[in-house]
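Visitor: Could you have a look at this structure, given as structure tokens, before my questions?
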Protein chains: 2
Amino acid sequence: MQAAISILDNEGAAGLTFRALAGRLKTGSGAIYWHVADKDELLAAATDHVIAKFEPQDVGRLSPQEAIRALALGVFDAIDSHPWVGAQLSGNPFQYAVLRILEGLGTQVVALGIPEKGRFNAATALLSFMLGLAAQYAVASHHFRDGSDRTTALRAVAAKWMELDPEQHPFIHQVAPLLPVHDDREQFMAGIDLILAGIDTSR
Amino acid sequence: MQAAISILDNEGAAGLTFRALAGRLKTGSGAIYWHVADKDELLAAATDHVIAKFEPQDVGRLSPQEAIRALALGVFDAIDSHPWVGAQLSGNPFQYAVLRILEGLGTQVVALGIPEKGRFNAATALLSFMLGLAAQYAVASHHFRDGSDRTTALRAVAAKWMELDPEQHPFIHQVAPLLPVHDDREQFMAGIDLILAGIDTSR
DNA sequence: TGTGAGACTGGAACGGCGTTCCATTCATTT
DNA sequence: AAATGAATGGAACGCCGTTCCAGTCTCACA
């Protein structure tokens, strides 16, 4: 598991092959199949490891809103330090790591006093938002892996956006300059707060 | 493009290989590379086709909120009838189809009168939620492809959730019975409405 | 009318992937 | 000392995306 996570961190999701992992462990690729059914299970197990490590403790002492923010920050930090986790979470929403996030969110939604009918929608809305943004960060960090740092890379994307027809894409033009200077963490938490505010109106 | 979409609809994303597409078109796999740079571009083009077809017309006559709902419903219907689109959108958030969705959402966010600083976060929150739920539906429909219909398949997942330790997963237990009877479309729109309500408070 | 050039084809070949298979080693129990 | 099941490791299989390239087809221009 350590070896797999290390490869994923250094080489990205494409770098984790059974051959590469076997090489790192000085064994054959077949041996790995004794411990793991297939590649999906391998990736899910690695994701579980990371998500569990970033799950906040002592959430009980916080207000429900603060607890949800803490949970979200945990997921964000997990993705931020292991970008492949983002793609894995959003690409496989039925794995255990996602279930555990949903459990954490749901408990706090109940604590917020949302009536029973709205709980499922409120919790899954938070979850879906987190998975959606997770996917975006995952692709971004993968796309800009080699060489160039984040800011110059995003500047390049913004420049491409500016090349589009301004008549047909006024909003994109308006927002493109923000792209290189925006803070991912702030964007993530702003979305969470937006949904929390919406949930609050339905209480 | 027609052949590619037809294969994707019938065999799923894994079924679209250059060999399969070449076979369907009675040509060689090399010929396809004259028209398309690689597989990503092929999938992106197919996704663009579908998303464009489901983009609502005459959004100008609606209120901003109604326009956003119409846009969201278009995306939902596109995924509902072509499940592979969900995975493609969330797995590749920098493709043109996603940009066009963001443009549509952003224009309406501006029309809502959100101050300039909040526009980017509001529009991307809506987008991220849509992509996140899109990924979930995509995996669900892929996972339950063979044989069993949606309800019995979701019943099986719910049963698995009920096997988990109730002490550690109270919310999952509470919500599992809803899984087989919930309406995807309603869940999708409930999330949109939640975010819209949150955006409204920041106006 | 002939011809050359560029658009386009189709199939072979390459390297790498996930997965399977199985003879073998190893550790533990009897 | 023998037996047994857990675990290994490397060869082999079939399929994938991609590359390569000798051909064919089309059509503007000499």
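Visitor: Using a 7 Å offset from Cα along the direction of the beta-carbon, what are the separations from B:ASP58 to the same position in each other copy, nm, ascending?
Guide: Those label-point separations list as 6.0 nm.
Visitor: Report, for A:PRO180, each distance to the same residue's label point in the other copies, shortest first and in nm; define the point 7 Å along Cα→Cβ.
Guide: 5.6
Visitor: Assuming a ≥ b ≥ c are the square roots of the Cα gyration tensor eigenvalues, decide whether the range B:36-201 counts as rounded (a/c under 1.5), prolate (otherwise, with a/b larger than b/c) or oblate.
Guide: Oblate.
Visitor: Between the label point of A:HIS143 and that of the same position in each other copy, find the distances and list them shortest first in nm, with every label point placed 7 Å from Cα along the Cα-to-C-beta direction.
Guide: Shortest to longest, the spacings are 2.8 nm.
Visitor: Using a/c under 1.5 as the rounded threshold, could you call the range A:1-123 rounded, prolate or oblate? The axes a ≥ b ≥ c are square roots of the C-alpha gyration tensor eigenvalues, and prolate needs a/b larger than b/c, oblate otherwise.
Guide: Note, shape of the range A:1-123 comes out prolate.
Visitor: On average, how many beta carbons from a partner chain sit within 10 Å of the beta carbon of a residue in A:87-97?
Guide: Mean shielding count: 4.
Visitor: While we're here: I need the fraction of alpha carbon pairs in the range A:23-76 separated by more than 17 Å, rounded to a whole percent.
Guide: 55 percent
Visitor: A further question follows. At 0.36 nm per residue, minus the direct Cα-Cα distance, what do B:ARG19 and B:SER63 gain on full extension? Give it in nm, one decimal, please.
Guide: Working it through step by step, the gained length comes to 11.1 nm.
Visitor: From the Cα gyration tensor of the range A:129-203, with a ≥ b ≥ c the square roots of its eigenvalues, which class applies: rounded if a/c is under 1.5, or else prolate if a/b is larger than b/c, or else oblate?
Guide: Since a/c reaches 1.5 but b/c is at least a/b, the shape of the range A:129-203 is classed as oblate.
Visitor: Among the trypsin sites (Lys or Arg not before Pro) in the range A:17-122, which ones are in a DSSP loop with at most 14 other Cβ atoms within 10 Å of the Cβ? Mind listing them?
Guide: The qualifying sites are A:LYS26.
Visitor: Can I ask one more? Give me the Kirkwood hydrodynamic radius of the protein assembly as shown in Å, from all C-alpha pairs, to one decimal place?
Guide: 22.2 Å
We did not get these values from a lab; they are worked out from the coordinates using the rules stated. Note that the coordinates shown come from a computational prediction; the quantities given were computed from them, not determined experimentally. A quick note on method: Cβ atoms are made from the backbone with ideal geometry, for glycine too, and the neighbour counts reach across all protein chains shown.
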